[in-house]
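Enquirer: Below you will find the structure I want to go over with you.
Only the coordinates and a few stated rules stand behind these numbers; no lab work does. Just so it is clear, the model here is predicted, and its values are computed rather than measured. For neighbour counting, all protein chains shown are included, and Cβ atoms are generated from backbone atoms with ideal geometry for every residue, glycine included.
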Amino acid sequence: MYKPMLLVELFLFIALWNVITVEAGQRYELSQRASEIDSATREHPELGFVFKDTKTGKPADIEHAIVDTRVPSKRRLVIWLMAYSPELFDRLAGYGLHGIQVHYANRWFGTVPPEVRDAGGVLGPIRLEAATGEDYSPLVSIPKPDGIKERARQFLRWLQKENPQGRWGQFLTNDQSDLRWDKVIMAGSSHGSTTAARFSMHQSVDRVVMFCGPRDNTETWQGGHSATSPHRFFGFTHVLDKGWQEDHYCRSWQLLKLNQCGDVVNVEKSSPPYKNTRRLITDCDLKGNVRQAHSGVVPKQSAFRNDAGTFRHEAVWKYLFLHPIEKIGEAVSPDTDCEMKP
């Protein structure tokens, strides 16, 4: 009787230990080159879209991912459209979100002659082609394997295989032919936030987070039909950012109909939930460093800090990614002081 009881207790202990280990989870950070993930990818040097840095020879197509299985999952995937930021990805994991940063054509802007680029109706199609890999612009040629959609799909397939503990497959359809876009948060800063907004007007997504953006002040695509509802777009900028001073941001926000979801709210004079608005600004003291106005709203080392040296907009960042979609501010009239002409 005694030995069998010991055996039973041992099995129970092992089972309990396995449960505890699974529940404890861990933080996973993964990276891989897009060209290693999918052999169909190609370089496009005419767009500055290459696999190796032309000066250093270092890989330029590295993609990053993060998830922390110790944190209750929000079952949402953030696709970040800008340079990798450890500070941002730390926070995404801490929020219970999955995060990936994909390598895509985002240097084309400087390759288009200004007189063509600023003619109107030019930038939106290029952004859409860079996102989808479909033919929307005669000025670029970005095939499907090199667009954001396919890069993200291939990366998720690789992640599911390499890191099944992260449950990356939940963001793919059953046949893995596409993403479950209703579980996707498109996010970016500056150029990346503008492409995130353009793509999300084309493809319905769960949420759009726009740091210092969107721009494209010579275009009107922001006012077109949107597959993603206005209350799913969230923006955050500094008032001394050139894009705000020249009315680029207020114009885009109004074309996106964000005034239907609340007034512009200064986060320095308000607190969460910021009247449930989608339009957030800061006028925090830059101590003369106006150049920081553009990038300082983004979670990274150069972000604005308090006198104690800590990041001052932790609550804002959390709001942008986690504020309940169904909680919407009161609609307000368009700002008549905002220049709306391209």
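Enquirer: Relative to the compact-globule scaling 2.2 N^0.38 Å, provide the ratio for the alpha-carbon radius of gyration of region 53-161.
Expert: Working: Rg = 16.2 Å, N = 109, 2.2 N^0.38 = 13.1 Å.
That works out to 1.24 for region 53-161.
Enquirer: Determine the gain in length on full extension of the stretch A227-K287; use 0.36 nm per residue of separation and subtract their C-alpha separation, reporting nm with one decimal.
Expert: Working: separation 60, 0.36 × 60 = 21.60 nm, distance 4.09 nm.
Between A227 and K287, full extension yields 17.5 nm more.
Enquirer: For region 284-296, just list the computed ³J(HN,Hα) in residue order, Karplus coefficients 6.51, -1.76 and 1.60, θ = phi - 60°, integers in Hz, with x standing in for Gly and Pro.
Expert: Going residue by residue, I get 4, 5, 8, 6, x, 8, 5, 4, 6, 4, 6, 8, x Hz, with x marking Gly and Pro.
Enquirer: Return, for the Cα atoms of region 204-342, the radius of gyration and Dmax in Å, separated by a comma.
Expert: Cα radius of gyration and Dmax of region 204-342 are 14.4, 45 Å respectively.
Enquirer: What are the ³J(HN,Hα) values, in whole Hz, obtained from phi via the Karplus relation 6.51 cos²θ - 1.76 cosθ + 1.60 with θ = phi - 60°, for each residue of region 224-230 in sequence order, with x given for Gly and Pro?
Expert: x, 5, 10, 6, 9, 5, x
Enquirer: If you split all Cα-Cα distances of region 27-322 into 10 Å bins from zero, what percentages do you get per bin, shortest first?
Expert: 6, 29, 36, 24, 5, 0
Enquirer: Still on this structure, please answer the following. For R180 and S302 in the same chain, what is the full-extension length gain: residue separation times 0.36 nm, less their Cα-Cα distance, in nm?
Expert: Working: separation 122, 0.36 × 122 = 43.92 nm, distance 3.32 nm.
Gain in length upon complete extension: 40.6 nm.
Enquirer: When DSSP beta bridges are limited to those with both residues in region 95-245, what percentage is antiparallel, rounded to the nearest 5? Before the final figure, lay out the partial values.
Expert: On the way: 1 of 10 bridges.
If we restrict to bridges inside region 95-245, about 10 percent are antiparallel.
Enquirer: Quick check on region 78-142: what are the equivalent-ellipsoid semi-axes from the Cα gyration tensor, as sqrt(5λ), descending, whole Å? Provide the component values of the computation, followed by the final result.
Expert: On the way: eigenvalues 181, 31, 17 Å².
Here the semi-axes work out to 30, 12, 9 Å.
Enquirer: While we're here: Tell me, C212, C338, C250 in order of fewest to most beta-carbon neighbours within 10 Å? Walk me through the intermediate numbers first.
Expert: Details: C212 29, C338 16, C250 24.
Ascending number of Cβ neighbours within 10 Å: C338, C250, C212.
Enquirer: Now for a different question. Compute the distance in nm between two label points, each set 7 Å from the Cα along the Cα-to-Cβ direction, one at D53 and one at K144.
Expert: Going by the 7 Å Cα→Cβ label model, 3.4 nm.
Enquirer: Here is a follow-up. Nearest 5 percent is fine: what portion of the DSSP beta bridges confined to region 27-322 is antiparallel? All intermediate terms of the calculation are to be shown ahead of the outcome.
Expert: Values: 14 of 38 bridges.
Restricted to region 27-322, the bridges split so that about 35 percent are antiparallel.
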